[in-house]
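Notes to accompany the following structure.
Here, each number is a calculation from the coordinates, and none is a lab measurement. Everything quoted here is computed from the prediction, not taken from an experiment. Don't worry about glycine lacking a Cβ; one is built from the backbone with ideal geometry, like all the others, and counts go over all protein chains shown.
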Amino acid sequence: MKIETRKEILPINYRQGYEKLSNGMQITEGIPLGIRPIKALHFHRCVELGVCLSGVGETHIENKVFHFREGDYQLIHANVPHLSKAAHKSLSRWRWVYLDAEELLISYEGLLNILSENSYNGVFSPGEYPVLARIIDSILENVDKEDTLCRMQNTFLTGQLLVEASRIGNVHSIGQNDTTGKIRPVLQYIREHYSEPKGLSEPFLAEKCGLKPAQFRQLFRKAVGMTLPAYINKTRLSSAMYALLNTRKTVLEIATESGYENISYFNRVFREAFGGSPREIRKQHLNIRWNE
């Protein structure tokens, strides 16, 4: 398995969790991956499992890049930033399952945090972690069934998955280099609160990781490759772009939910970042989809 490391973590856009979960799970299959360059990451409130059905490509998980091929498996825990893409001119299809571990293991909330904190995230072949692969196969076989016994089995399988992932550990040290480790609490806080117009001041965030503002400013820029305001703005814009292309929300709703109080300012920074107004970008996207 070829794995690369980036010097910085890409900005993140938050995607809301899944509403059509059955027995704590949802499955999607066969939707082809895009081939556009990855410029931002997203994360879910669910654990994401996957099996590559065809093609090759790469999965970005925080500051790691995993190169996958047909037959590989994927495990990404809740709230871990990631995104996958197919190789240029390659058609890659996956079978994904999303697990709401909090719902399935509600009685074990403390244990859930312990198991997820330093667990395996990544793409792997069946031969690398055969036990983990077998557990994912069992979940894939069981995900479409809807009855009390299946829900109980899903709970057991989810527990097995998290225990095995924790046993393997964070072997790739996702996001754990010295610099990133020090500001990791702030990166997590921004993921959860970027949509709030206020409360992301530099002194406040520096205090969250026990650093003085000047020291925090230097470490943050070294870790992510840009200033704190630029990172927050890019994260908000990534979220806005996702909502613009994937929902029917108005531009005003998208701006407000992405953390912008002033619609004029939002339109200006959006145009600077993407080369067109939100309405123009949405219209172009709809025209492309219609032509396809």
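Can you order the peptides 196-204, 49-57, 270-278 by their average number of other Cβ atoms within 10 Å per residue, highest first? Don't skip to the end; give the middle numbers.
Numbers: 196-204: 11.9, 49-57: 19.3, 270-278: 15.1.
Result, highest mean first: 49-57, 270-278, 196-204.
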TODO: Once you've got the GNM for the chain with C-alpha springs shorter than 10 Å, pick whichever of I190, I135, I76 has the biggest mean-square fluctuation.
DONE: I135
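Among 34-41, 214-221, what's the highest-first ranking by average C-beta atoms within 10 angstrom per residue? Don't jump to the answer; show the numbers that get you there.
On the way: 34-41: 13.2, 214-221: 16.9.
In decreasing order of mean packing, 34-41, 214-221 become 214-221, 34-41.
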- [ ] Can you spot the aspartates and glutamates whose alpha carbon is less than 17 Å from K222's alpha carbon? Ignore those fewer than 8 places along the same chain.
- [x] E8, E62, D178, E202
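When a/c is below 1.5 the answer is rounded, else prolate if a/b is larger than b/c, else oblate, so apply that to segment 178-291 with a ≥ b ≥ c taken from the square roots of the Cα gyration tensor eigenvalues.
On the way: a/c = 2.65, a/b = 2.26, b/c = 1.17.
Prolate is the answer for segment 178-291, as a/c is 1.5 or above and a/b outweighs b/c.
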Open item on the list: Among H88, H42, H193, which one shows the highest mean-square fluctuation when the chain is modelled as a Gaussian network with alpha-carbon springs under 10 Å?
Closed with: H88
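Place a +1 charge on the Cβ of each Lys and Arg in the chain and a -1 charge on the Cβ of each Asp and Glu, then give the dipole magnitude about the Cα centre in debye, rounded to the nearest 20. Can you show the working numbers first?
Working: 37 positive and 32 negative charges, 278 e Å.
With Lys and Arg at +1 and Asp and Glu at -1, about 1340 debye.
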TODO: Go through V97, L83, P130 and say which Cα lies farthest out towards the positive end of the charge dipole of segment 3-168; charges sit on Cβ, +1 for Lys and Arg, -1 for Asp and Glu.
DONE: L83
- [ ] Using the structure shown, list the pairs from K85/K182; K89/K145; K64/K283; K208/K283; K39/K249; K198/K249 with a Cα-Cα distance above 31 Å, or answer none.
- [x] K89/K145; K64/K283; K208/K283
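Dipole of segment 178-291, Cα-centred, from +1 at each Lys and Arg C-beta and -1 at each Asp and Glu C-beta, to the nearest 20 debye?
That gives segment 178-291 a dipole magnitude of about 260 debye.
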Task: Magnitude of the charge dipole, segment 3-168, Cβ model with Lys/Arg +1 and Asp/Glu -1, debye to 20 - done: 680 debye
- [ ] Please build a GNM for the chain, connecting alpha carbons under 10 Å apart, and tell me which residue among T148, T256, T227 fluctuates the most.
- [x] T148
